[in-house]
Amino acid sequence: MKQNLIMSFESSCDETSVAIIKNGNKILSNVVATQIKSHQRFGGVVPEVASRHHIEEITFCIRDAMKQANVTYDDLDAVAVTYGPGLVGALLIGVTAAKTVAWAHHLPLIPVNHLAGHIYAARFIKPIVFPALALVVSGGHTELVWMPKEGEFKIMGETRDDAAGEAYDKIGRVLGINYPAGPDVDKMAAKGHDTFHFPRAMDNDDNYDFSFSGLKSAFINTVHHAHQVHKKLNHDDLATSFQDAVIDVLVDKTMRALKKHPVKQLILAGGVAANHGLRSRLEKQVDQLSGTELIKAPLKLCGDNAAMIGAAGYIFYKEGIKADASLNADPGLEFDWLPNEAK
Amino acid sequence: MKVLAIDSSNQPLSVALLDDQKILFTTTMTAHRKHARYLLPIIQDMFKKSSLTPQDLDRVVVADGPGSFTGLRIAVTTAKTLAFTLHIDLVGVSSLLDLALNVQNEGALVNPIFDARNQNLFTGLYQIKNGIPQSIIPDQHVSIDDWTEKLSKYKNQFLYVVGNADHFKSNLKHVFSDHLIVSKGINNLPQAANLGLFGENKTPVSDVNKFVPNYLRLTKAEFDWKQQHPKAANKDDQSYVNEYTAKI
């Protein structure tokens, strides 16, 4: 069988990435230029600074991805690119570069939703079996996505305010932890106890939506109040209390969705999918369900990267989904919602 | 030599295709600001109607700033990616110089202007010598008061103003009075055909990968940060980005 090679682009936030993916599931190269150090100067991602770094890095990433994969343009079958959701100025660099490469080398262009990319990072572990459910948790997104068949995505629930990763960054700031705060809070949480019993917002509501802004405020108020009365709080306990509240809601809602809509696979994806607390809790819970397997996105592919865009792009390529030269960035791109009666 | 020229620095989008000194195709539009959506389709259409393929291209000339940050990045990303992927020459030309090319009177002092809001402008002063604008005062981001002061020593000469100068006309009139000549209509729009003709004779950039727009203005976040960290202020921007390979 002829091999399929896709060059994929990702630039939706603070990582410029280009990958070469073979047959949708093998990474020949996956070059990621991360700007974290730059935005740490400001305590979070500054969109204009992000766009400026993307344009600095973009052709270096193409060059290195092709060199590492040892391919030429003649070997390629298609170009795939994230066109949303994300920061518009950042998305535009990847979209513009991908369009240009596709036109210059007469290759089809495949538009990829960034969240579909995160979900398809699981494809590097094993084939996805449908129906499947995905829990996508990152700095910008918290969504439960129902996947009845290949290439079809329906939102069952999403965050109504802060994304889970965003809440980690905001409470991290209060603890003196720079963005991205997730990994450090996760480590501290492993050492502490849930002594603060923060609220689990919407946990008992009859829907699959999330809310983390109340939890964030409760956390910040607790720390500020203690500061005012010169009381020292145990940071590890604070971290555990926060993380347990986040994980409780994420896992409770996911398990409820699984009970209502049994699936063959549950996919855990997105930057926060690298959180050890979340990974192990979900493992334990899903173990108790028969017939559902948990697929965790590989740790190295939880953050933004182009390999996952290539994996999703391969699926769309097979389905004949193409964009033309007028493809634009769509910062608010969303999957369709699963109709209420189907939830 | 087949040359593609692009200017999307501001509201106008201008694209041209040239073969040596012959203009094959040129277009300038101001109907909208969706440069990301329209630029490549325009290029595609030009090549198709000229019976050319991307592989025929020898050089890309791009207006590289100053201007709207996002607008600049559309043209510069397209130009640098094309030059990189086709292994062809890339030439960057000041977006202000591109506008100055609209004035061709020998010896004329030309003042191209982009409105940068809040009484600020992106501007520079040029003089036409041998038919080509030469920089007299470098391109800069400046307040209108500071700019008119810099121009005051030229007040006895004629000043040709091109671009988006509506907000600054009275300030300039105050200095130059009857010597102020404000361009009209098409002369206030960048013409990529002029850009292409000009760029054919320029030395291409030595490293396409490192080519970025000349924003002439830091982001507010960076400006504030550099004020607070004067020692680290001269650090190369790229050292804030780490490249790694993510495989499983």
Original post:
Do you know which residues across the stretch A:300-342 are part of a helix (DSSP H, G or I), within 28 Å of residue B:45 (Cα to Cα) and among the basic types (Lys, Arg)?
Top reply: A:318
**OP:** Return the total of residues in the stretch A:1-54 being under 30 Å from residue B:229 (Cα atoms), aliphatic (A, V, I, L, M) and free of Cβ contacts under 8 Å to residues at least 24 places away in the same chain.
**Re:** 2
Original post:
Does any residue of the stretch A:120-135 turn out to be crowded, with 22+ Cβ neighbours inside 10 Å, of a type in the set (Val, Ile, Thr), under 16 Å from residue A:274 (Cα atoms) and in contact with a strand residue (DSSP E or B) (Cβ under 6 Å, 6 or more places away or on another chain)?
Top reply: no
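Pick out the one residue from B:243, B:200 that is more than 12 Å from chain A (Cβ to nearest Cβ) and touching a strand residue (DSSP E or B) at 6+ places or on another chain (Cβ under 8 Å).
B:200
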**OP:** Filter the stretch A:253-277 for residues that are farther than 20 Å from residue A:149 by Cβ, in a helix (DSSP H, G or I) and not polar (S, T, N, Q) and give the result.
**Re:** A:253, A:255, A:256, A:259, A:271, A:272, A:273, A:274, A:276, A:277
Original post:
Which of (1) among the small types (Gly, Ala, Ser); (2) in contact with an Asp or Glu (Cβ under 9 Å, 6 or more places away or on another chain); (3) away from chain A (no Cβ under 12 Å); (4) farther than 18 Å from residue B:67 by Cα does residue B:221 not meet, given it meets every other one?
Top reply: (3)
Original post:
Before we move on, is residue B:23 of a type in the set (Val, Ile, Thr), within 14 Å of chain A (Cβ to nearest Cβ) and buried (at least 17 other Cβ atoms within 10 Å of the Cβ)?
Top reply: no
Subject >> Any hit, the stretch B:154-173, residues being at positive phi and within 14 Å of another protein chain (Cβ to nearest Cβ) >> reply: no
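Please note which helices (runs of 4 or more DSSP H) are completely contained in the stretch B:1-104 and include at least 3 residues that are under 21 Å from residue B:131 (Cα atoms) and out of contact with any Phe, Trp or Tyr (no Cβ under 7 Å at 6 or more places or on another chain).
On the way: elements: B:35-49, B:69-86, B:95-100.
Because the criterion is at least 3 residues that are under 21 Å from residue B:131 (Cα atoms) and out of contact with any Phe, Trp or Tyr (no Cβ under 7 Å at 6 or more places or on another chain), the helices (runs of 4 or more DSSP H) in the stretch B:1-104 that meet it are B:95-100.
State whether the residues of the stretch A:250-270 include one that is within 13 Å of chain B (Cβ to nearest Cβ), buried (at least 24 other Cβ atoms within 10 Å of the Cβ) and within 21 Å of the chain's Cα centre (by Cα). Steps first, answer last, please.
At the first step, the residues of the stretch A:250-270 found to be within 13 Å of chain B (Cβ to nearest Cβ) are none.
No.
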Subject >> Flag for residue B:55 being within 14 Å of chain A (Cβ to nearest Cβ) and out of contact with any strand residue (DSSP E or B) (no Cβ under 6 Å at 6 or more places or on another chain) >> reply: yes
Subject >> Residues within the stretch B:71-115 that are under 15 Å from the mean Cα position of the chain (by Cα), within 13 Å of another protein chain (Cβ to nearest Cβ) and touching a residue at least 24 places away in the same chain (Cβ under 8 Å), tallied >> reply: 11
**OP:** Of the numbered conditions (1) in contact (Cβ under 8 Å) with a residue 40 or more places away in the chain; (2) charged (D, E, K, R); (3) touching a Lys or Arg at 6+ places or on another chain (Cβ under 9 Å); (4) buried (at least 19 other Cβ atoms within 10 Å of the Cβ), residue A:300 fails exactly one; give the number of that condition.
**Re:** (1)
Original post:
Does any residue of the stretch B:189-206 turn out to be in the same structural domain as residue B:89 (by TED's automatic domain parsing), closer than 30 Å to residue B:82 by Cβ and among the β-branched types (Val, Ile, Thr)?
Top reply: yes
**OP:** Return a yes/no flag: does the stretch A:278-294 have any residue that is under 27 Å from residue B:246 (Cα atoms) and outside any helix (DSSP H, G or I).
**Re:** yes
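Select from the stretch A:328-343 the residues that are among the hydrophobic types (A, V, I, L, M, F, W, C) and surrounded by fewer than 15 Cβ atoms within 10 Å (Cβ to Cβ) and write down the one among them that is nearest to residue B:39 (Cα to Cα). Before the answer, list the steps.
Step one: list which residues in the stretch A:328-343 are among the hydrophobic types (A, V, I, L, M, F, W, C), which gives A:329, A:333, A:335, A:337-338, A:342.
Remaining after also requiring surrounded by fewer than 15 Cβ atoms within 10 Å (Cβ to Cβ): A:337, A:342.
Details: A:337: 33, A:342: 42 Å.
So, considering only residues that are among the hydrophobic types (A, V, I, L, M, F, W, C) and surrounded by fewer than 15 Cβ atoms within 10 Å (Cβ to Cβ), the one nearest to residue B:39 (Cα to Cα) is A:337.
What's the total number of residues in the stretch A:121-162 that are among the charged types (D, E, K, R) and under 16 Å from residue A:314 (Cβ atoms)? Give the steps one after another, and end with the answer.
Kept after step one, since they are among the charged types (D, E, K, R), are these residues of the stretch A:121-162: A:123, A:126, A:143, A:149-150, A:152, A:154, A:158, A:160-162.
From what's left, under 16 Å from residue A:314 (Cβ atoms): A:123, A:126, A:149-150, A:152.
Summing the residues that are among the charged types (D, E, K, R) and under 16 Å from residue A:314 (Cβ atoms) in the stretch A:121-162 gives 5.
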**OP:** With the condition kept exactly as written, say whether any residue in the stretch B:161-176 is at pLDDT below 95 and under 22 Å from residue B:3 (Cα atoms).
**Re:** no
Original post:
In the stretch A:280-322, which residues are touching a His at 6+ places or on another chain (Cβ under 8 Å) and among the basic types (Lys, Arg)?
Top reply: none
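Does residue B:3 satisfy being of a type in the set (Val, Ile, Thr), touching a residue at least 24 places away in the same chain (Cβ under 8 Å) and within 14 Å of chain A (Cβ to nearest Cβ)?
Values: of a type in the set (Val, Ile, Thr): yes; touching a residue at least 24 places away in the same chain (Cβ under 8 Å): yes; within 14 Å of chain A (Cβ to nearest Cβ): no.
It is false that residue B:3 is of a type in the set (Val, Ile, Thr), touching a residue at least 24 places away in the same chain (Cβ under 8 Å) and within 14 Å of chain A (Cβ to nearest Cβ).
Could you check, for the stretch A:174-188, whether at least one of its residues is of a type outside the set (Ser, Thr, Tyr), touching a strand residue (DSSP E or B) at 6+ places or on another chain (Cβ under 6 Å) and within 16 Å of residue A:164 (Cβ to Cβ)? Explain how you work it out, then say what you get.
Residues of the stretch A:174-188 of a type outside the set (Ser, Thr, Tyr): A:174-178, A:180-188.
Pick out the ones that are also touching a strand residue (DSSP E or B) at 6+ places or on another chain (Cβ under 6 Å) and you get none.
No - not one qualifying residue is present in the stretch A:174-188.
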Subject >> the stretch B:34-77 - residue that is at positive phi and crowded, with 24+ Cβ neighbours inside 10 Å and, of those, modelled with the highest pLDDT >> reply: B:67
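The values are calculated or read from the model by the stated rules, or taken from the named source; none is laboratory data. Owing to the predicted nature of the structure, the values given are computational and were not obtained by experimental measurement. Counting neighbours? That spans all protein chains shown, and the Cβs are built from the backbone with ideal geometry, glycine included.
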